[in-house]
Amino acid sequence: MRARIWLGVLIGSTIGGFIPDLWGAGMFSYSSVLLSAVGAFAGLWLAAR
């Protein structure tokens with residue numbers, strides 16, 4: 001269970017970090033960091049579910 005949660009956080013934060021790249025924002029922009037956190041939370045929620 002614990003490994004599944006960490007994997008969900010890793011995948012979610014990676015996907016969330018790459019989404020702003022679709023509209024040309026930088027990899028370390030505010031939107032990338034924010035969406036990375038949102039993606040990590042979503043991955044955590046999905047893995048724990």
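Coordinate-derived values only; no laboratory data. Since the model is a prediction, treat every value here as computed from it, not as a measurement.
Measuring nothing but how far apart in sequence close Cα pairs (under 8 Å, 6+ apart) lie, relative to its length, the range 2-48 scores a relative contact order of 52 percent. In a fully extended conformation the segment linking S29 and I5 would gain 6.0 nm over its present Cα-Cα distance, using 0.36 nm per residue. Using a Gaussian network model of the chain in which every pair of alpha carbons under 10 angstrom is joined by a spring, one finds that among G12, G39, G24 the greatest mean-square fluctuation is at G24.
Mean residue ellipticity, 222 nm, helices only, the chain: the sum of -39500 (n - 2.57) across DSSP H runs of n ≥ 4, divided by residue count and rounded to 500, is -25000 deg cm²/dmol.
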